[in-house]
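One structure is given below, encoded as structure tokens.
Bear in mind these aren't lab numbers, they're just calculated from the coordinates by the rules spelled out. Keep in mind that what you see is a predicted model, and the values were worked out from it rather than measured. All Cβ positions, glycine included, derive from the backbone under ideal geometry; neighbour counts span all protein chains shown.
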Amino acid sequence: MTREALLVANSVNYSEMARSISAREIKRTIRRFAGLLEDLPNPYRFHVTSVFDARPKEVRERVSSVAEKAANSDSLFLFYYFGHGLLSAELELMFLHPPGPRGNHETLRLSTVESDLKATDVKRSLFVIDCCYAGAQYRTFSSSLTGEHCRIASTTPSERAYVVRNAVDDPIGIFTRSVMDGLTSSNACVAATDNRITVESLFRYASNEVAKRTSTIQKPRMLGNLSEPLTLYQPKPQIILGVSKAADEKTTYSKILAICRILASEDPPQNLNALYRILLSQHPTAFQTLYKVGKGKFEYRPVQQNVISRYVRLLRSLGLISPQELRLSETGEKLATRWRSSYNRILLESVDKYLSQYDIGRDDIEHALRQILASREVPTKIEALDYLSVGRSLPKDELGIVLDLLGYTRAIRMSTGHAYFPW
């Protein structure tokens, strides 16, 4: 029995702050949340449907179809919204959608979504809402829904929601990030001797995290109840052997696969110039970086060729490319041809060999993270790098990339430093 989830996100440029957050970045947020839900251990994982910048009519159709599947299989339906929220004249929460044919922004009331849900007769649902004024759902929560239904919202009815941003990370809402962290954290368990993570224990964890990250400015709200566990905490993450779905194409994790697959093609490039041209042609979005083009303005442009040179050096350090030639090693060939079923397994083997050169193992990294955990809920990569590099000669930039790879394979779990902005 697979549970059903519908993730809805809108990138409407409604405020001055919103114009600095691109659609591409918000899509990454949805992909990361979707990947997490799909990778939960059985029987808790979700089948995920994502809708981005759609018109209200399409969202309502998806709510009906996805919730109908959950009703037919007697499973949990999860609805997630990330974007702008507005209040109607009656103080009802409305989701803000892109302009329609007449050029005006369209809205979708939460109460309308709940009415569509009621028509499917789904017996269990969880709404996770991350937008400004999300707590206004108190006025629209329907007591006529049969079964167990729960709503967790990022804010009170009068508050704005905040997002986390920096130059290289996704603009994930603070509430969204806290919920995602909680689904894999022992601190979100029901109790020290109970590894279940329920809506109530997850909300408690997320609320505490939001309070810490916003100095209590943002206050999440919960309504309703849901007794079935959302997942079980696993002390050792379950590593997926194939490609992790949550990894965006701009990550080093994904770029390594792109380079290896190009070098494994029938007509592989013979030099860096050719490799550079093919990468920009076949993967233009992945191999872009932000450039400052004016006061407070940035735009994506293709990376310089020296960036590709650094990636090639990294792949040589990992043993995926021959030391002398621009061709894959035996391990690189396996990674490029078996990536669907074995990408993470082969990549982790390469990372382990790389670390062993500096007398470091994954156990050492886990020990370092546990030491840092004494003062932080989730250690930052910078803290881990400082701790691990003391007394060792390994390149710090390469170690940073290796930690990212371990994170995307789910072998370790880290956070990064962020600045907080209203959504």
task: Taking a cut-off of 22 Å between Cα atoms, list the lysines near LYS118, but don't count ones fewer than 8 places away on the same chain.
output: LYS57, LYS69
query: So between ASP364 and GLU333, what do we pick up on full extension, going 0.36 nm a residue minus the alpha carbon distance?
result: 8.3 nm
query: Between SER158 and LYS123, what is the label-to-label distance in nm when each label sits 7 Å out along the Cα-to-Cβ direction?
result: 4.1 nm
message: How large are Rg and Dmax for region 3-232 when calculated on the C-alpha trace, in angstrom?
response: 16.4, 57
- prompt: Mind listing the phi-derived Karplus ³J(HN,Hα) values for region 28-35, rounded to whole Hz, using 6.51, -1.76 and 1.60 with θ = phi - 60°, and x for any glycine or proline?
  reply: 5, 4, 5, 4, 5, 5, 4, x
query: So what's the gap between the Cα centers of region 259-291 and region 66-138, to the nearest angstrom?
result: 41 Å
- request: Just grab the label-to-label distance for GLN234 and HIS105, each label 7 Å out from Cα along the Cβ direction, in nm (one decimal).
  value: 4.1 nm
task: Fewest Cβ neighbours within 10 Å first, please rank ASP39, ASP130 accordingly.
output: ASP39, ASP130
statement: Filtered hits (lysines, Cα-Cα < 19 Å from LYS250, offset >= 8 within chain) -> LYS27, LYS292, LYS381
